[in-house]
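The structure appears right after this line, and notes come after that.
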Amino acid sequence: MQRVETIKKQVEEDKKALLGYGLYPYYFKNSIGKILVTTLDTSGLLDNVEAIHDLEGHMRLVKLQLDILQTGTKEADLERLLAKHPDPYTNKPLHFDNKKGLVVFNGRARSQDNVYQVSVSPVF
């Protein structure tokens, strides 16, 4: 009987030692995943997400330019189209530069160009 109590005590001590790796039930259900997540460098993942958003913003710029050319949109209707193709980061309309006749999207990814522009000046 004393041997059973000793084993139970040892098991409890082992469980307490494992608590330093995270939540107890999660550690046993996915021990390798928990170790990998806590030891891998994930600092570059944010740049990948930003690059995807930058690509989405650039595609919206090109789609906007195509819509303007296909529909023959005038400057008065431009605000409606800008609202239809919002900035993927802020969900606000893209910026239109009146002087240059450009629609501008400012990306955030560090690994790519940060400013995307399409010309809509021949229409206006």
Task: Stretch gain in nm, segment GLU13-ARG108, where the contour uses 0.36 nm per residue and the Cα spacing is subtracted - done: 29.3 nm
Task: Isotropically averaged projected area of region 45-119, using the convex hull of Cα atoms (one quarter of hull area), nm² - done: 4.7
Open item on the list: Can you give the local net charge around THR73? Use residues other than it whose beta-carbon is closer than 12 angstrom to its beta-carbon, Lys and Arg +1, Asp and Glu -1.
Closed with: -1
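Using the beta-carbon distance between ILE32 and VAL115 and R0 = 35 Å, what value does 1/(1 + (r/R0)^6) give for FRET efficiency, to the nearest 0.05?
0.25
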- [ ] Enumerate the whole-percent occupancy of each 5 Å bin, from 0 to the last occupied one, for all C-alpha pair distances of region 66-110.
- [x] 5, 20, 30, 25, 13, 5, 2, 0
TODO: May I ask for the net charge around GLN2, where only other residues with Cβ less than 14 Å from the Cβ of GLN2 are counted and Lys, Arg are +1 while Asp, Glu are -1?
DONE: +2
Task: In nm, spacing of pseudo-spin labels at THR6 and ASN91 (7 Å Cα→C-beta vector) - done: 6.4
TODO: Report the net charge of residues surrounding VAL62, where surrounding means a beta-carbon distance below 15 angstrom and charges are Lys +1, Arg +1, Asp -1, Glu -1.
DONE: -2
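Read the figures in this text as sums done on the coordinates, not as results from a lab. This is a predicted model, so every value here is computed, not measured. Cβ: placed from backbone, ideal geometry, glycine included. Neighbour counts: every protein chain shown.
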